[in-house]
Amino acid sequence: MANIVAIVGRPNVGKSTLYNRLTESRKAIVDDFSGVTRDRHYGEAEWIGKRFTVIDTGGFVHGSDDVFEAAIREQVHIAIDEASVIIFMVDVTTGITDLDDEIANLLRRSKKPVYVVANKVDHAKLHNDSAEFYGFGLGEIYNISSATGSGTGELLDDVVSHFEVEEEDETELPKFTIVGRPNVGKSSLTNALLGHERNIVTDIAGTTRDSIRIHYNQFGHEFLLIDTAGMRKKAKVSENIEFYSVMRTIKALEDSDVVLLMIDANDGIESQDINIFHLAEKNKKGIVILVNKWDMIEKDHKTIKEFEAKIKEKIAPFVDVPILFTSVTEKQRIFKTVEVAMEVFQNKTKKIPTSKLNDVMLAIIENNPPPATKGKYIKIKYVTQIPGRSPMFAFFCNLPQYVKDSYKRFIENKLRENFDFKGVPIQIYFRQK
Ligand code: GDP
Ligand code: GDP
């Protein structure tokens with residue numbers, strides 16, 4: 001189950017500063033991709049080996065002051081429904097405001113764990129000032145400074161105490177999820193795939209899962225489809241609220257191997273689609289892009305190429321992703337979608353034999369060695385695939401710290417050219433031998 005930490009609070013208390021601190025630290029450890037868009041309000045974080053998704057709810061509020069307040073209230077409701085843990089942030093330098101009080105009133109009714117965080121406690125002498133926040137009746141106050149990071153360790157220790165260290169999933173079957181903005185055709189595709197077989201639904205939604213898994217076993221392909229349409233029916237609030245659909249998408253992604261990102265051919269790829277794409281990429285999910293409602297587009301011989309080019313420009317640098325042009329209503333390329341998703345799953349789970357990997361990659365490296373840095377030569381001796389749920393490669397060399405990002409990209413491209421990893425994010429590490 002997805003661990004989601006939502007940071008709520010009125011504007012300017014420091015939510016996005018804390019968000020950046022939590023997600024940047026993880027990025028520094030694991031994110032090998034450079035040039036990925038940073039303008040996001042949800043991202044991965046990790047503390048003592050436990051992974052979770054942080055959402056800065058403030059990033060989803062736009063508009064005038066009263067629109068603001070209504071939106072903040074709505075977000076608190078959504079956070080109460082959807083998040084695993086809520087961080088309620090207040091500002092020690094301003095004390096309690098009416099909006100703080102209002103948020104506290106909503107949160108007191110929540111059954112979810114709520115942590116009251118007094119931010120901007122930059123000096124020890126401000127510690128006592130935060131005592132007024134006990135008045136919320138929400139328990140312990142955590143004094144932190146998002147700017148310097150002080151106090152965040154104690155907070156995170158307690159936040160992650162609600163999470164388990166990840167366990168391997170019990171099922172061997174590939175898990176696919178169809179995601180995308182409202183009305184792109186997700187339910188239509190689910191229905192088209194399952195047709196009259198829909199009654200074979202294995203509903204293990206129960207208490208621990210947020211989604212329904214449907215067992216598909218036809219035409220030589222067997223997989224589980226994570227049905228988010230089922231989740232949508234439970235919704236009390238409109239899925240048009242971006243913040244809400246983002247939460248739901250995160251939960252659906254977490255539980256899947258391959259994400260079918262459906263976009264509407266009439267609109268092209270939009271910023272929310274790109275955010276979902278990057279979220280899937282960061283979480284090392286397989287990705288297939290479906291450009292649906294292709295029947296509605298006037299086409300000539302160049303149209304597909306032009307669409308592909310536009311999409312790739314937006315999702316760069318990770319562009320080695322299958323793009324299919326579908327029409328669910330006209331039943332075009334629906335089974336192709338299944339085939340390609342299965343291929344991506346195979347690419348994601350395959351293991352390249354070490355001898356083959358070395359034969360191919362060391363020859364390439366010999367012809368194109370990493371450029372010398374500060375007069376030092378980097379010698380790559382050996383490469384191996386690290387076991388894991390998505391492809392990871394370790395290149396052993398004498399001076400890993402001198403390998404440049406541009407060389408990592410070169411190596412990634414060569415891996416992709418020589419061993420099919422279409423649709424799959426891959427990680428490359430340089431290690432000291
Ligand atoms: P948000 O609107 O809640 O996301 O707040 P921001 O993260 O944008 O921060 C609002 C302002 O408070 C910015 O000017 C930050 O630099 C500042 N700020 C955030 N955290 C701290 C902190 O721990 N101490 C101090 N002194 N300022 C902070
Ligand atoms: P969801 O909100 O993503 O689950 O979208 P739906 O599956 O409910 O589809 C929204 C609308 O788009 C419905 O009226 C569908 O009939 C229509 N639709 C879905 N796929 C296609 C398609 O390939 N072509 C056309 N023209 N309409 C489609």
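The values are calculated or read from the model by the stated rules, or taken from the named source; none is laboratory data. Just so you know, these numbers come straight off a predicted model, no measurement behind them. So basically every Cβ, Gly included, is an ideal-geometry build from the backbone, and we count neighbours across all protein chains shown.
For the stretch 75-119, the set of residues classified as within 22 Å of the chain's Cα centre (by Cα), assigned to a strand (DSSP E or B) and away from ligand 1 (no atom under 12 Å from the Cβ) consists of Val85, Ile86, listed by residue number. Residues in the stretch 121-146 that are surrounded by fewer than 20 Cβ atoms within 10 Å (Cβ to Cβ), part of a helix (DSSP H, G or I) and of a type in the set (Gly, Ala, Ser): Ala124, Ala131, Gly135.
Pick from Thr337, Thr249: which is under 25 Å from Leu224 (Cβ atoms), at pLDDT 95 or above and within 15 Å of ligand 2 (Cβ to nearest atom)? Don't jump to the end; show me each part of the working.
Details: Thr249 fails: at pLDDT 95 or above.
Exactly one of Thr337, Thr249 is under 25 Å from Leu224 (Cβ atoms), at pLDDT 95 or above and within 15 Å of ligand 2 (Cβ to nearest atom), namely Thr337.
From Phe421, Phe345, grab the single residue that is surrounded by 13 or more Cβ atoms within 10 Å (Cβ to Cβ), among the aromatic types (Phe, Trp, Tyr), at pLDDT 95 or above and assigned to a helix (DSSP H, G or I).
Values: Phe421 fails: assigned to a helix (DSSP H, G or I).
Result: Phe345 is the single residue among Phe421, Phe345 that is surrounded by 13 or more Cβ atoms within 10 Å (Cβ to Cβ), among the aromatic types (Phe, Trp, Tyr), at pLDDT 95 or above and assigned to a helix (DSSP H, G or I).
Within the stretch 261-278, residues that are closer than 20 Å to Ile226 by Cα sit with their Cβ atoms under 7 Å from residues that are basic (Lys, Arg) and in a helix (DSSP H, G or I), at 6+ positions apart or across chains, in these pairs: Met262/Lys186. Selection of the stretch 393-411 for residues being of a type in the set (Gly, Ala, Ser) and in contact (Cβ under 8 Å) with a residue 40 or more places away in the chain yields an empty set. Just for the stretch 348-361: of the residues that are in a helix (DSSP H, G or I) and among the β-branched types (Val, Ile, Thr), which one is nearest to ligand 1 (Cβ to nearest atom)? Here the answer is Thr349. Here is the figure for the stretch 256-288: residues that are at pLDDT below 95 and either in a helix (DSSP H, G or I) or in contact with a Ser or Thr (Cβ under 6 Å, 6 or more places away or on another chain) (or both) total 14. When the stretch 315-356 is filtered for residues that are more than 15 Å from Leu290 (Cβ to Cβ) and either touching a residue at least 40 places away in the same chain (Cβ under 8 Å) or in contact with an Asp or Glu (Cβ under 9 Å, 6 or more places away or on another chain) (or both), the ones remaining, listed by number, are Ala316, Pro317, Phe318, Val319, Asp320, Phe345, Gln346, Asn347, Lys348, Thr349, Lys350, Ile352.
Could you please find all residues in the stretch 133-188 being among the polar types (S, T, N, Q) and either at pLDDT 90 or above or within 16 Å of ligand 1 (Cβ to nearest atom) (or both)? I'd like the intermediate steps shown before the answer.
Pass one, the stretch 133-188, residues among the polar types (S, T, N, Q): 143, 145-146, 148, 150, 152, 161, 171, 177, 183, 187-188.
Answer for the stretch 133-188, where residues must be among the polar types (S, T, N, Q) and either at pLDDT 90 or above or within 16 Å of ligand 1 (Cβ to nearest atom) (or both): Asn143, Ser145, Ser146, Thr148, Ser150, Thr152, Ser161, Thr177.
Filtering Lys381, Lys404, Lys376 for residues that are at pLDDT below 95, basic (Lys, Arg) and either crowded, with 16+ Cβ neighbours inside 10 Å or touching a strand residue (DSSP E or B) at 6+ places or on another chain (Cβ under 6 Å) (or both) leaves a single hit, Lys381.
In the stretch 377-397, how many are out of contact with any helix residue (DSSP H, G or I) (no Cβ under 6 Å at 6 or more places or on another chain) and either of a type in the set (Lys, Arg) or not in a loop (DSSP other than H, G, I, E, B) (or both)? The qualifying residues number 12. Close Cβ contacts (under 8 Å, 6 or more residues apart or on different chains) running from residues in the stretch 412-431 that are on the phi > 0 side of the Ramachandran plot to residues that are assigned to a strand (DSSP E or B) and at pLDDT 95 or above comprise Gly423/Val258; Gly423/Gly286; Gly423/Ile287; Gly423/Val288.
Checked against the criterion of being buried (at least 21 other Cβ atoms within 10 Å of the Cβ), within 25 Å of Lys175 (Cα to Cα) and within 15 Å of ligand 2 (Cβ to nearest atom), the candidates Leu324, Leu260 yield just one match: Leu260.
Could you list all residues from the stretch 289-308 that are away from ligand 2 (no atom under 15 Å from the Cβ), outside any loop (DSSP other than H, G, I, E, B) and either within 21 Å of the chain's Cα centre (by Cα) or exposed (fewer than 12 other Cβ atoms within 10 Å of the Cβ) (or both)? Of everything in the stretch 289-308, those that are away from ligand 2 (no atom under 15 Å from the Cβ), outside any loop (DSSP other than H, G, I, E, B) and either within 21 Å of the chain's Cα centre (by Cα) or exposed (fewer than 12 other Cβ atoms within 10 Å of the Cβ) (or both) turn out to be Lys305, Glu306.
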